[in-house]
Amino acid sequence: GDSVTIEILLDHERMPTIQVLKRSYMINKSMLADVIKAFKEGDAKLLGDVIVRESEIDRLYFLVVRQLKSAVRYQQVAEKLGITNQRDSLGYRIVVKSFERIGDHIENIAKSGLQLIEKKQSIERFEGLAARVLEVYEKAAGALFKQDISMVDGVFDDLKEIEKMYLKISNSLFQQKMGVQASLLQKTVLDSLSRISGYSADIAEIAMNMSVKVP
């Protein structure tokens, strides 16, 4: 019956949803930090390690999706998972999808970086932008997990700076003489960094929405 189903769900999903989201956040954060380190040092092995770790983000994404589906059906499960209302459930769904997409883009960056190292192409140019993107990601997640909306303003200020850095690097790529393949790989890195900042903005917006108390 239903009581058996609920027990099975709780057994599989003992970790509260917010804890799973925090774990996803931390894995992405460590992956992006390692990408920055690899860019600085031209470390192909470290980029390979980043690519391997991305599968954990996918696993956690599917876990949260299962949790949220269960929470909608069973109030008892929702309470156990720390989901107090429908709005939180919708917010978490967008957040976990953003984390999953961020993981995909970090993987894209690492794969492109590996190929650029093989082609003896410099990847140092992306280090500053990647560091700024990591800051934005940390602020957005901080606003969500600490429920500190003062951090959201910093996110949107940083996004303007990231846009300037993106355009500067993009223009410099056009002016350099390099092969088509190398050019495409560099553009992939650049675009994926930009997309990560965009998903971070989405997370910041969800943090703002979730901070508004429901009467």
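The values are calculated or read from the model by the stated rules, or taken from the named source; none is laboratory data. Computed from a predicted structure; not experimentally measured. A quick note on method: Cβ atoms are made from the backbone with ideal geometry, for glycine too, and the neighbour counts reach across all protein chains shown.
Things to note:
- Residue tally, condition without any contact (Cβ under 8 Å) to a residue 40 or more places away in the chain and within 21 Å of residue 61 (Cα to Cα), over region 26-43: 2
- Residue within region 49-59 that is aliphatic (A, V, I, L, M), touching a Leu at 6+ places or on another chain (Cβ under 6 Å) and either more than 30 Å from residue 211 (Cβ to Cβ) or surrounded by fewer than 20 Cβ atoms within 10 Å (Cβ to Cβ) (or both) present: no
- Residue in region 144-156 that is without any contact (Cβ under 8 Å) to a residue 12 or more places away in the chain and either of a type in the set (Gly, Ala, Ser) or within 18 Å of residue 184 (Cβ to Cβ) (or both) present: yes
- In region 47-94, of all residues being within 18 Å of residue 32 (Cβ to Cβ) and either among the small types (Gly, Ala, Ser) or not in a helix (DSSP H, G or I) (or both), the one that is modelled with the lowest pLDDT corresponds to 55.
- From 120, 97, residue being surrounded by fewer than 17 Cβ atoms within 10 Å (Cβ to Cβ) and either free of Cβ contacts under 8 Å to residues at least 12 places away in the same chain or outside any helix (DSSP H, G or I) (or both): 120
- Selected residue (criterion: modelled with the lowest pLDDT) from residues of region 123-132 that are buried (at least 17 other Cβ atoms within 10 Å of the Cβ) and farther than 30 Å from residue 147 by Cα: 123
- Here the condition is being without any contact (Cβ under 8 Å) to a residue 40 or more places away in the chain, surrounded by 16 or more Cβ atoms within 10 Å (Cβ to Cβ) and under 29 Å from residue 123 (Cα atoms); of 162, 196, it holds for 162 alone.
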